[in-house]
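Here, each number is a calculation from the coordinates, and none is a lab measurement. What you see is a predicted model, and the numbers here were worked out from it, not measured in a lab. Cβ placement follows ideal geometry from the backbone for every residue including glycine, while neighbour counts extend to all protein chains displayed.
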Amino acid sequence: MRLPLLALLAATTLTAPLKGQEAAPPLPAATAAELTALTERAAREIKPGQALLALPVLSFGPYRAVLEYRQASAPPAVHKTQAEIFQVVAGAGQLVTGGRLDGLRAVDAANESGTGISGGSSRRVAAGDMLVVPAGMPHWFPSVEGRLVLISLKVPMADAPKP
């Protein structure tokens, strides 16, 4: 079947950049194969007794994606000026959010850590789950079932206080 000339012209015109405009550069991306290779690398590189190994996945302006390979509990955290979106890639564990940090210590002007969380809400997370932790909310993975592999997207909040 022949495509009418008008339809062919419309299809090529609508998908081409407008005159005087350049095509947008490709966006940063990570393929499934690249993420699998990064997970395998993290499994090889994490040391016995090391709770967490974080490897950069990609960045675009102020946005960063990090692969977090967890094999034990790491200290809880609060990020004052950025939210985190977690995609659980593999494994399972407990996530505590909210409440207040115990043993509070400043990591830097925008981040705090602690020894635990009091009064938070706990839930089990597993492969396929996606979670959003708003800026300023304490969060903690107090237990890991073998391993917990996450992609963490760091999202700066425009209305968050500046450090």
| Which whole-Hz couplings ³J(HN,Hα) result when phi for each residue of region 83-98 is put into the Karplus expression 6.51 cos²θ - 1.76 cosθ + 1.60, θ = phi - 60°, listed in order with x for Gly and Pro? | 8, 10, 10, 9, 10, 7, 8, 8, x, 7, x, 9, 10, 10, 10, x
| said: Using the alpha carbons of region 15-132, what is the convex hull volume per residue in cubic angstrom, as a whole number? | reply: 159 Å³
| said: Under 5 Å between amide hydrogens, which residues at least 5 positions from V57 or on another chain qualify, with H placed 1.01 Å from N in the peptide plane? | reply: A65, V66, L67
| Order by protection proxy (mean Cβ within 10 Å, highest first), peptides 139-145, 68-74 | 68-74, 139-145
| field | Nonlocal amide H pairs with Q82, under 5 Å, H built at 1.01 Å | value | G136, M157
| task | Report the paramagnetic label zone for A37: residues of region 53-70 whose backbone N is under 15 Å from a point 7 Å from Cα along the Cα-to-Cβ axis. | result | 56-58
| request: Starting from the amide H of A127, placed 1.01 Å from N in the peptide plane, find each other amide H under 5 Å away whose residue is 5 or more places distant or on another chain. | output: G91
| Which distance in Å, rounded to a whole number, links the C-alpha centroids of region 30-61 and region 120-138? | 20 Å
